[in-house]
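Okay, so here's the structure we're looking at.
Nothing in this text is a laboratory measurement; each read-out follows from the coordinates by a stated rule. Remember, predicted model here, so these are calculated numbers, not experimental data. Note that each Cβ is placed from the backbone with ideal geometry, even for glycine, and that neighbours are counted across all protein chains shown.
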Amino acid sequence: MYVELIAATFTMLVPAAIMSAIFLAVGSFCAMEIGGVLPWVAIGSGMVASAGRLGVILAYRRQSPLRLADRAVSAAWQFRLALSTLLFAASLALLGAASFLSPKPLPQMLATGLLFGFCSGAVARGYIRPQICAACVTLATLPVAFATALQGGWGHLILAGMFLAFLAGSLETIRFAYRLAREQIATRNEMTMVARHDPLTGLANRFGLRESFGDLLKAHRDLPMVAVHCLDLDRFKPINDRFGHPAGDALLRELATRILAIAREGDIAARLGGDEFTVVQAGIAHPEEAELFARRLARAIGAPYDIGGKSIEIGVSLGYATSPPEVASLDDLLAAADVTLYRVKRAGGGVGSSATAPNPAIVKAVGW
């Protein structure tokens, strides 16, 4: 959720560009009307901040999604965007204060429009990061309200009060909208989790496997092979019949834990249904790595299980297929691994391999 909320703040490229152009045009007019150095300092710092903000957004969009999924990386990008946005808010406040310290009404009107435009845009899009949004809105508003009140007279005092009242309303809107956004994202993530994962084991389901396979290949294009391991339990039905389905479910959950313990970071573990499981192993340099992984997996799964104080042993049949990432097809690899799996299962269980490529290589079976 943290990473997703940060990503949403980098969708405001067009509004930020529009605000920068309006700030330059209106600010330049106000500076010429007011005179002096202060408004030009505000314009200069504001344009530096605008350029920095737009540059950060564009640079963020060029980053790899896998890299941005890291919390620390996203936090660093958020800091850069927050810094440039706060500098822009301070520049806007300086220009607004200079406009209201001037006796001319037109710069005051234009400064009011700039302030409301910035704050409304910040609340509408920036509430996703409430602390940063609240700081920007407050920083932009308070100096202008103070400078307005210094003008004296009921009109300016009422306007200053309006600025403060709208600021209070904006802060409340930010708080409410942020809470609502968190609830919506949490609900969406929960629904996504249910749609992509097996409810019993927590592993990916068929849909989750297929969706993750493409991302996995993109992350490991630099290494020559990918392997798909399909495994099926032997004598699982008698365990359900003898010990009951709760014991069978507990065994499957423990089996999933063992698979995850063997799998490396970035591998995909999935339950396809019943007692059928698949592990996708990417980033391997030689087929021997797939065979070593398959044997480790089979040994781990074949070790006795302690379920409800009872020691339960189960057999496993495993077939795997390898292919270069650039020609890897999940359907083809699953089909090749399944063929090998059932050949091994008919032979009494064990581990078997099938190498697949544009021109299929020699198929071999390994006893277990």
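If the elastic network links every pair of Cα atoms under 10 Å, which of Val14, Val228, Val56 fluctuates the most in the Gaussian network model of the chain?
Val14
Can you list residues whose amide H is under 5 Å from Leu272's amide H, if they're 5+ apart or on another chain and H is modeled 1.01 Å from N?
Phe277, Thr278
Using modelled amide H (1.01 Å from N, peptide plane; none on Pro or chain starts), what sits under 5 Å from the amide H of Ile307, excluding residues fewer than 5 places away?
Ile312
Rounded to whole Å and sorted largest first, list the principal axis extents of the Cα atoms in the chain.
Taking max minus min along each principal axis of the Cα atoms, the chain gives 95, 46, 23 Å.
If you take the Cα Rg of segment 2-195 and divide it by 2.2 N^0.38 Å, with N the number of residues, what do you get? The partial results should precede the final answer.
Numbers: Rg = 18.2 Å, N = 194, 2.2 N^0.38 = 16.3 Å.
Relative to the 2.2 N^0.38 Å estimate, segment 2-195 comes out at 1.12.
As I understand it, the dipole of segment 195-257 uses +1 on the Cβ of Lys and Arg and -1 on the Cβ of Asp and Glu, about the Cα centre. Which of Leu252, Asn240, Leu216 lies farthest toward its positive end?
Going by the charge dipole, the pick is Leu216.
I'm a student and want to see the number: the projected area of the Cα convex hull of segment 124-242, averaged over all directions, in nm².
Values: hull surface 54.3 nm².
Taking a quarter of the hull surface, the average projection is 13.6 nm².
Residue by residue, what Karplus-based ³J(HN,Hα) values in Hz, rounded to whole numbers, does segment 77-91 have, using 6.51, -1.76 and 1.60 with θ = phi - 60° and x for Gly and Pro?
The phi angles translate into 5, 4, 4, 4, 5, 4, 4, 5, 5, 5, 5, 5, 4, 5, 5 Hz.
When the Karplus curve 6.51 cos²θ - 1.76 cosθ + 1.60 is applied with θ = phi - 60°, which whole-Hz ³J(HN,Hα) does each residue of segment 15-25 get, with x for Gly and Pro?
Once rounded to whole Hz, the list reads x, 5, 5, 5, 4, 5, 5, 5, 4, 5, 5.
Under a 5 Å amide H to amide H cut-off, with H placed in plane at 1.01 Å, what residues pair with Val316 once short-range neighbours are removed?
Long-range HN contacts for Val316: Asp234, Gly350.
In Å³ and rounded to a whole number, note down the convex hull volume per residue for the Cα atoms of segment 33-134. The partial results should precede the final answer.
Working: hull volume 9.4 nm³, N = 102.
For segment 33-134, the hull spanned by Cα atoms encloses 92 Å³ per residue.
Given the DSSP H assignment, sum -39500 (n - 2.57) over each helix run of at least 4 residues in the chain and divide by its residue total; what's the result at 222 nm in deg cm²/dmol, nearest 500?
Helix-only estimate at 222 nm: -23000 deg cm²/dmol.
For the chain, find the longest principal axis of its Cα atoms and tell me its angle to the long axis of helix 153-196, 0 to 90°, nearest 10.
Between helix and principal axis, roughly 10 degrees.
Order these by the 10 Å Cβ neighbour count, fewest first: Asp241, Asp338.
Working: Asp241 10, Asp338 19.
With the sparsest Cβ surroundings first, the list reads Asp241, Asp338.
What distance in nm lies between label points placed 7 Å from Cα along the C-beta direction at Arg242 and Glu289?
3.9 nm
When the Karplus curve 6.51 cos²θ - 1.76 cosθ + 1.60 is applied with θ = phi - 60°, which whole-Hz ³J(HN,Hα) does each residue of segment 272-279 get, with x for Gly and Pro?
For segment 272-279, the Karplus curve yields 8, x, x, 10, 9, 10, 9, 10 Hz.
Normalised by the empirical 2.2 N^0.38 Å for globular proteins, what value does the Cα Rg of segment 78-159 take? Mind showing how you got there, number by number?
Numbers: Rg = 13.2 Å, N = 82, 2.2 N^0.38 = 11.7 Å.
For segment 78-159, the normalised Cα radius of gyration comes out at 1.12.
Among His197, His245, what is the fewest-to-most ranking by other Cβ atoms within 10 Å?
Values: His197 17, His245 10.
Least crowded to most crowded, the residues run His245, His197.
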